[in-house]
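Here is the structure we will look at, set down as structure tokens.
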Amino acid sequence: MQSSRLDPVTIVDQPPGTKLTSHVTRQTPVFFRPLLQIFSCLVLFFAAFLPRFFLAQRLDVVTDEVVYITGGKIYLPLLTHLPASLTSPLWVYNNEHPPLVKFLIGLSMRINTLSGQPLGDLLAARLPSIIMGTVLVVAVYWLGRAPFGHLVSFTAALCLAFSPWLAYFSALAYLDTTMMVLISIAYLLLWHALRRPWLYLVTGILLGLGVASKYPAAFIIPGMVAFLAYYFLALRPRLPQDQQPLTPWRWWGGAILLSFITFFAVDPTIWPNPYQRIANSFGFEWMHSMHGHSTFLAGSYASHMPHWAVLYIVIAKLSVFVTIPALLFVFVALVQLIRFHLHATTIHVSEATSLSFLCIWLFSTLFMFSLLNIVVGTHYDLPTTPAIVIAGSMGLTYLLRYRRGSFVLPSLPFVKNLPASPGEQRRWRQVSGKTGIQVVLLLCLTMLPHLIGLITVPAAEGYTSELFPGENASLQVAYPGYRDGLQWIAAHAQQRHPRVGLVALPYTLTDKGYGVSWYSYNKDLTSRFQIHEVHPNDTSFNEDYLIWPMHLVQRGYAIPADWDAQVIHLVTGGRTIYCYIVTHRPQTSGSHHPSQPQRGGYH
């Protein structure tokens, strides 16, 4: 296959060994001049920020958010009273997860309070994830221009911006989005560090921050080590002797040291006794892994997930217009790399570096996150997404036969100090009709499937790819939809202050202290209903209505037949059922009444 390294803009940003030694230069395509690149960043910023911000205002409280918001409220006062607060037993709250994101949540809420609360308390808690999810989109474009090209990185960033999967979890006060962003940027910086070794130090800091957000961030380390080893052992020797970079041992040593220092510096929960506190955290994770966690996947629920679960989740949550081209990219890239090492192709070292950089990122994240034998939700596999989406954009360029840098025809180089004629300049700037169609198709195929899903699937979490008819039979539904159910009852119930039972596992919705609970963030609804937390194993219910989340049905807690329940409404997102609204009162006209769900069943 012919090399696609034709982009004259990014040639100067390639790793060592790609310097232009000829007196011949190429014209910079006007389409990607600096001002337009900045404009592209602005477009990506708003494309990512606005959906996440609006989702964060609409979404009901999700269970784990209560834990992390409480952690933010506990940790921030302790942080402001260091070192006197080091001995406080409150540091051990939720110590199975490191505290960085919880610090950010608490800080965001404190700033919001000091500013007169322009945002709601819940929205303020979600703001760090919104910002980090937006940063990821812009960073994929800005840092991906050199290794992958402007168009591939831009379309991949748009795909990430509109992904309902990423948008949903970026709109929640969760730990995973921040972790994903930090380790993704750390990996992308490796490419630039090949020419600017001081960036290894930045990579080390980002890695330390990532692990201080959530421990699985360390899964990116094998991929980083593998790429550096491959580059310096297999690719560098193919460069001319005068272009081979020195092995930056000191920078690597500094990066490793900085990663540990950063992790320790931003985790005061371990300062009093680092060994014991870290051992306790890892011990909790180990026991959790051993005992498992009940999760629904591929039509059944189990305590432990198979290794192929990561592939199943990715295929279910990303459009086939991403995953199938990504598979094509993997095939083409491996063939190209094999031919490169067999000296059977003319691709440059920089092209081989680009292909291996993305392949190693993709393979390493898929493999490492497949090792998680408990997957409480699809958010566990979010860090695999950036590499897959970029690979999908690359694969589409192969399918569309788009040649990098050909959007503006720089077909004739000009010699320094010999200006081209006006006719040649116009021809160099002329947009190829064929290439223009390729670019439009590339943008549409990467962007539209996710954008349509984001617009048409309420709450976004219920989105699945074209291969799946919703999450009901495939993935555990993460969104409980209590608030959405109450809003429907408020619009349709005839009685005043009806009794409504929110079906949940014990202590899911109750206040655990610090005024953080499902009730505290839904005060506008609690005054209109008599709301109680009820449990799926209760023998009887005295409520007028029950809101029964789909994830409980998937995990074996079926709506009891002996209660003679009637399903009067389904709260849905696309073809995914978030929750059932059931009542023992006579069914109203026009209501839904699907067959009674059985243990572990679905609709």
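The values are calculated or read from the model by the stated rules, or taken from the named source; none is laboratory data. Keep in mind the model is a prediction, meaning the values are calculated, not measured. Glycine gets a Cβ as well: all are built from the backbone with ideal geometry, and neighbour counts include every protein chain shown. Surface areas here come from the heavy atoms of the whole protein model, side chains and all, with no ligands, DNA or RNA. Shrake-Rupley method; radii C 1.70, N 1.55, O 1.52, S 1.80 Å.
FRET efficiency for the Leu90 to Ile338 pair, using the beta carbon distance and R₀ = 60 Å, is estimated at 0.60. Helix 150-162 and the longest principal axis of the C-alpha atoms of the chain enclose an angle of approximately 0°. Ordered from highest to lowest accessible area with the whole protein assembly present and a 1.4 Å probe, Trp271, Trp142 read as Trp142, Trp271. Rounded to whole numbers, the Karplus 3J(HN,Hα) couplings from phi for the range 392-400 are x, 5, 5, x, 5, 5, 5, 4, 8 Hz, using 6.51 cos²θ - 1.76 cosθ + 1.60 with θ = phi - 60°, and x at Gly and Pro. Charges were assigned to the Cβ only: +1 to each Lys and Arg, -1 to each Asp and Glu. The resulting dipole of the chain about its Cα centre is roughly 2220 debye.
Counting Cα-Cα pairs of the chain in 20 Å increments starting at 0 gives whole-percent bin shares of 18, 49, 26, 6, 0.
Note on Lys214: accessible area is roughly 10 Å² with a 1.4 Å probe, heavy atoms of protein only.
How do the peptides 550-560, 531-541 rank, highest first, by the average count of neighbouring beta carbon atoms within 10 Å per residue?
Per-residue Cβ counts within 10 Å, averaged per peptide and sorted highest first, yield 550-560, 531-541.
Amide H contacts of Leu475 (H built 1.01 Å from N, in plane; Pro and chain starts excluded): Ala298 sit under 5 Å, all sequence-distant by 5 or more or on other chains. For the chain, relative contact order (Cα pairs under 8 Å, six or more residues apart, normalised by length) works out to 17 percent. In the range 482-583, the ratio of gyration radius to Kirkwood radius, Rg to Rh, stands at 0.94 when only Cα atoms are counted. In plain terms, the chain from Tyr398 to Ile111 could stretch by 98.5 nm, reckoned as 0.36 nm per residue minus the Cα-Cα distance.
If you sort Leu366, Leu239 by accessible surface, 1.4 Å probe, largest first, the order is Leu366, Leu239.
Computed over the range 162-228, the P(r) tail beyond 19 angstrom holds 35 percent of alpha carbon pairs. When only alpha carbons are used to place a centre, the range 61-91 and the range 144-184 end up 28 Å from one another.
Annotation: the antiparallel percentage among DSSP beta bridges lying fully within the chain is about 70. A 1.4 Å probe run over the chain, with the rest of the protein chains in place, finds 42 Å² accessible per residue. Packing, as the average of other Cβ atoms within 10 Å across residues, places the peptides 204-211, 276-283, 396-403, 338-345 in the order 204-211, 396-403, 276-283, 338-345, highest first.
Once C-alpha pairs closer than 8 Å and six or more residues apart are averaged by separation and normalised to the residue number of the range 482-583, the relative contact order reads 30 percent.
Would you work out if the range 194-290 is rounded, prolate or oblate? Take a ≥ b ≥ c from the square roots of the eigenvalues of the alpha-carbon gyration tensor; rounded if a/c is under 1.5, else prolate when a/b is larger than b/c, oblate otherwise. Verdict is prolate for the range 194-290.
Let's test the formula: R0 of 25 Å, r as the Cβ-Cβ distance of Leu311 and Gln487. What FRET efficiency results, to the nearest 0.05? FRET efficiency, Leu311 to Gln487: 0.10. With respect to the chain, whose longest principal axis is taken over its alpha-carbon atoms, helix 274-291 is tilted by about 70°. Using a probe of 1.4 Å, the accessible surface attributed to Asp64 totals some 50 Å² when neighbouring protein chains are kept in position.
Considering only DSSP beta bridges with both partners in the range 482-583, what is the antiparallel share in %, to the nearest 5? That works out to approximately 60 percent antiparallel.
If I fit a long axis through the Cα atoms of helix 221-230 and take the longest principal axis of the Cα atoms of the chain, what angle between them do I get, 0 to 90°, rounded to 10? That works out to roughly 10 degrees. Assuming a ≥ b ≥ c are the square roots of the Cα gyration tensor eigenvalues, decide whether the range 470-509 counts as rounded (a/c under 1.5), prolate (otherwise, with a/b larger than b/c) or oblate. Oblate shape, in that a/c is at least 1.5 and b/c is the bigger or equal ratio.
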